[in-house]
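In what follows, a single structure is set out as structure tokens and then discussed.
Derivation of every value follows stated rules applied to the coordinates shown; laboratory data play no part. The structure displayed is predicted, hence computed values, not measured ones. We place every Cβ from the backbone using ideal geometry, glycine too, and count neighbours over all the protein chains shown.
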Amino acid sequence: MIYPHRMKAEMQGDFVLFLIGMRINRAWQVHRWLPVARAMPRMLTELAQQPELGLLHADAWFGRTIIMLQYWRSLEQLQSYARSKERQHLPAWQAFQRASDGNPAVGIWHECYQITEGSHSNVYVNMPLFGLGKATGNFVLAGKKHQ
């Protein structure tokens, strides 16, 4: 559904905005970047099956540089997931480090921002549920909540 009016998302409490992605530097070296690209769907499946781990929502855009926008309940939950030996992330990170040592075929990056309640703003016009609105499921228009 497209919301044709000016909307905003409401989020109660603090949260984390996590941007993560990869850049294909040498497209012909598929064996170097494809394993990296395949790792994230496994992580997202795991996180979707266990919402108590803290991921609220994720969206991705694909091109030479792949960008994923994630919303997490807390930095502690994000870091706990990233460091856990029982989860998908740490083995994938270790495999990337081994495979990429000295080879620039694929790059990865992330940025993490802790956001306190009331310290953020957002506007959506002619958009479906998106970004923080999709993470919360809570778009607000003139005091009315649409879920």
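For segment 42-48, just list the computed ³J(HN,Hα) in residue order, Karplus coefficients 6.51, -1.76 and 1.60, θ = phi - 60°, integers in Hz, with x standing in for Gly and Pro.
Per-residue couplings from phi come out as 5, 5, 5, 4, 4, 5, 5 Hz.
Given an 8 Å cut-off on Cα distances and at least 6 residues of separation, report the relative contact order of segment 8-146 as a percent.
Relative contact order, segment 8-146: 43 percent.
Between residue 57 and residues 5 or more places away or on another chain, which pairs have amide H atoms under 5 Å apart, with H built 1.01 Å from N, and which residues are they?
71
Hand me the chymotrypsin sites (Phe, Trp or Tyr not before Pro) from segment 9-82 located in a DSSP loop with no more than 11 other Cβ atoms within 10 Å, in residue order please.
28, 62
Scan around residue 120 for amide H atoms under 5 Å from its own, H built in the peptide plane at 1.01 Å from N, and keep only partners 5 or more places away or cross-chain.
Under 5 Å from the amide H of residue 120: no residue qualifies.
Take residue 115 and residue 82, extend 7 Å from each Cα along the Cα→Cβ direction, and tell me the distance between the two endpoints in nm.
Here the answer is 1.8 nm between the modelled labels.
Binned at 10 Å from 0, what are the whole-percent values of the Cα-Cα distance distribution for segment 24-78, short to long?
Taking all Cα pairs of segment 24-78, the binned fractions are 21, 45, 26, 8 percent.
Taking only the alpha-carbon positions of segment 8-146 and ignoring solvent, what does the Debye formula give for the base-10 log of I(q)/I(0) at q = 0.19 Å⁻¹?
Summing over Cα pairs of segment 8-146 leads to -1.14.
Calculate for the chain the 222 nm mean residue ellipticity that helices alone would give, adding -39,500 (n - 2.57) per DSSP H run of length 4 or more and normalising by residue count, nearest 500 deg cm²/dmol. Please report the intermediate quantities before stating the final value.
On the way: 4 runs with 47 residues, N = 147.
Estimated from H runs of four or more residues: -10000 deg cm²/dmol.
Please give me, ordered by residue number, the GluC sites (Glu not before Pro) of segment 1-97 that lie in loop per DSSP and have at most 14 other Cβ atoms within 10 Å.
Values: sites: 10, 46, 52, 76, 86; in loops: 10, 86.
Sites meeting the loop and neighbour criteria: 10, 86.
Can you tell me the 0 to 90 degree angle between the C-alpha axis of helix 89-100 and the longest principal axis of the chain, rounded to 10?
On a 0 to 90 degree scale, this one is about 40.
Please turn the phi angles of segment 73-87 into ³J(HN,Hα) values with the Karplus equation 6.51 cos²θ - 1.76 cosθ + 1.60 (θ = phi - 60°), one per residue in order, whole Hz, x for glycine and proline.
With coefficients 6.51, -1.76 and 1.60, one gets 5, 8, 5, 4, 5, 4, 5, 4, 4, 4, 9, 6, 6, 8, 10 Hz.
Along the charge dipole of the chain, which of 7, 63, 47 sits closest to the positive end, that is, farthest toward it, with unit charges on the beta carbon of Lys, Arg, Asp and Glu (+1, +1, -1, -1)?
Positive-most Cα among the choices belongs to 63.
Assuming 0.36 nm per residue, please report the length gained on full extension of the stretch residue 122 to residue 6 beyond their Cα-Cα distance.
The span from residue 122 to residue 6 would gain 40.7 nm if fully extended.
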